[in-house]
2 protein chains.
Amino acid sequence: MPKKVVPEEARRRRRPTRQGAVLSEALIVETALRVLREHGTAGLTARRLGAALGADPSTLYRYFTGMDDLARAVGNELMGRALDGWTAGRGWRADLRSLGLALHSSYLAHPQAAVLTASRVSGRAREIAVDEAILGILRGAGLSDEAAVRFYHAFIDLTLAFAALDAGSLALPEEARRTDEDMWASTYARLPAASHPNIAATAGHLAARMPHSAYPVVLETLLDGIAAEPATAPQLRPGRSRRP
Amino acid sequence: MPKKVVPEEARRRRRPTRQGAVLSEALIVETALRVLREHGTAGLTARRLGAALGADPSTLYRYFTGMDDLARAVGNELMGRALDGWTAGRGWRADLRSLGLALHSSYLAHPQAAVLTASRVSGRAREIAVDEAILGILRGAGLSDEAAVRFYHAFIDLTLAFAALDAGSLALPEEARRTDEDMWASTYARLPAASHPNIAATAGHLAARMPHSAYPVVLETLLDGIAAEPATAPQLRPGRSRRP
DNA sequence: TTGTAAGGTCAACCGCGTTGGCATAAGGAT
DNA sequence: ATCCTTATGCCAACGCGGTTGACCTTACAA
């Protein structure tokens, strides 16, 4: 058992496993994403990941201190993928909106992985890059440092919190997911108007809206809130505001 | 092993366990909350809960179909506790704000339980009661059914998503929590201004704000968004708006 | 008073993360 | 080319997890 994990950039010897695979941190993370997709959130086990890699489970401890550490590496990978498919330059509001949606959908593209990682701070490089980008947009929009941090905090936590929540239902086994979605059309729609007048009156709207994410709605109200914040620097470029 | 779980209200025989305890769904849920607080999110195991109740682990399967079902019952309990400590009647904006904060703090009062349950829909009675209350406030404020449902969805998902996120860090072992919080004062504060100018410039604000929840900030922007929605009914009582 | 089955217990199954010991081959030094 | 070191892989085992099937035992209905 390793006394310490060797950092990826210091690795020299790449001994193939008995079954011929040459391991690396990137290969393990990538394989973990595949295993998560195929076997679900609880299906990422050291034994199964080892088998998928053609390696002994204990070998993973040469690369990560434990399954927890591996999970954080997976989270960092999702952050990086979001940032890769994103470009700035169309004004603070459009940039912030597109970054939020990119993060949200990067996580939802791997729901089982998102459930496992979205609530944890990895502190790794690509996560820090995302933080830097958000603060840059807000400060570039002319907000004071205090306001920039206040809204950075709101923005990133909102995005990750919704990523985790929305991923939660997507990550359910197909059958359970349909059951949950149907609940709005069955259980809730059948509550008697006498005891639950408001649910009864809106059952149709509920069934139509609840299976989708509320993230875009809340994100827009947050952007409205940012737009209403007085700027302290002259370069404020006002985005499309709710009250033009 | 039971073929089927007998619903709580149909139970007749209350045989005490070998160690004298008389079981019930309520006692089990209450004990689960205690075990969660004492042993953490991963510490709620059938064996440990059985021991805390003075019963065999397999006895739990007479009351719940599995640990998953038990978790949903715990979540329903947290919903109920929030609703118990809440009263309406001070206008839609104050009512919605206080209900959101009540839910948020009810979950944060049991962080280990919140992590386990906040992302799951229980479909049980007290959760439905919360849904009915929210829809009632919004429709009572004069919103159209469509708008009421849109903002109900945003409100409940926002609240639960933040409850889960914020509970996540509170539920960490004391040492890990301090490490996470200190990260803003150590790792982030030490990033060179050359590569991360925006983080470097705001390090002080970050260290001060990040350990707290962003929920109140986002909630207010959502309430602003609701206030800006045109009412279709005459009884709209405008709350304190951002633009008076 | 008696029969039934609800609600307990017991023992066992298999999978989990993790660890200590060991084998081997990669790659720098000579 | 050869040797030596040690990184990196494998193996076996530990304790704990959820869950199950078979089996008692006793509260209640008839």
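The values are calculated or read from the model by the stated rules, or taken from the named source; none is laboratory data. Since this is a predicted model, take the numbers as computed values, not measurements. Backbone-built Cβ (ideal geometry, glycine too); neighbour counts: all protein chains shown. For accessibility, only protein heavy atoms count, side chains too; no ligands or nucleic acids. Shrake-Rupley method; radii C 1.70, N 1.55, O 1.52, S 1.80 Å.
Structural remarks
- Normalised contact order of the range B:81-144, rounded percent, pairs of Cα under 8 Å and 6 or more residues apart: 36 percent
- The simple spin-label model puts a point 7 Å past each Cα toward its Cβ; for B:Ala176 and A:Asp56 those points are separated by 2.7 nm.
- For the chain pair A and B, buried accessible area totals roughly 4900 Å², probe 1.4 Å, rounded to the nearest 100.
- Shown is the FRET efficiency for B:Ala231 and A:Arg18, computed with R0 = 60 Å from the Cβ-Cβ distance and rounded to the nearest 0.05: 0.30.
- Shape of the range B:145-228, Cα gyration tensor, a/c cut at 1.5: oblate
- FRET efficiency for B:Arg190 and B:Ala129, using Cβ-Cβ distance with R0 set to 51 Å, rounded to 0.05: 0.55
- Sulfur and carbon atoms: percent of accessible area, chain A [1.4 Å]: 53 percent
- With its label point defined 7 Å out from Cα along the Cα-to-Cβ axis, A:Ala125 lies at 5.6 nm from the matching points of the other copies, in increasing order.
- Taking only the alpha carbons of chain B, we obtain Rg and Dmax values of 22.0, 72 Å in that order.
- Our Cα-only numbers for the range A:1-65 put the radius of gyration and Dmax at 11.7, 33 Å.
- Cα point-scatterer Debye curve for the protein assembly as shown, base-10 log of I(q)/I(0) at q = 0.13 Å⁻¹: -1.35
- Nearest-to-axis residue in chain B, judged by Cβ distance to the rotation axis that brings B onto A and given in whole Å, is B:Ala161, 2.
- Inter-copy separations for A:Pro192, label at 7 Å along Cα-Cβ, nm, ascending: 7.2
- Gyration tensor verdict on the range A:1-133 (Cα atoms; rounded if a/c is under 1.5, prolate if a/b is larger than b/c, oblate otherwise): prolate
- Probe 1.4 Å, protein heavy atoms only - accessible area per residue of the range B:1-65 in square angstrom: 69 Å²
- Over chain A, Cα pairs under 8 Å with separation of 6+ residues give a relative contact order of 19 percent.
- Shielding value for A:117-128 is 3, the average number of Cβ atoms from other chains within 10 Å of each residue's Cβ.
- Across the copies of the chain, B:Arg47 has label points (7 Å from Cα along Cα→Cβ) spaced 1.6 nm apart, shortest distance listed first.
- Shielding by other protein chains, B:193-203, mean Cβ within 10 Å: 5
- Scanning chain B for DSSP H helices at least 20 Å long along the axis (C-alpha atoms) with a Kyte-Doolittle mean no lower than -1.0 picks out B:25-39, B:67-84, B:92-108, B:125-140, B:145-170.
- Convex hull volume of the range A:121-189 per residue (C-alpha atoms, cubic angstrom): 129 Å³
- Once the Cα-Cα distance is subtracted from the 0.36 nm per residue extended length, the A:Ser105 to A:Met183 segment shows a gain of 25.6 nm.
- Shape of the range A:81-219 from the C-alpha gyration tensor: prolate (a/c of 1.5 or more and a/b above b/c, with a ≥ b ≥ c the square roots of its eigenvalues).
- The mean sequence separation of alpha-carbon pairs under 8 Å and at least six residues apart, normalised by the residue count of the range B:1-65, gives a relative contact order of 43 percent.
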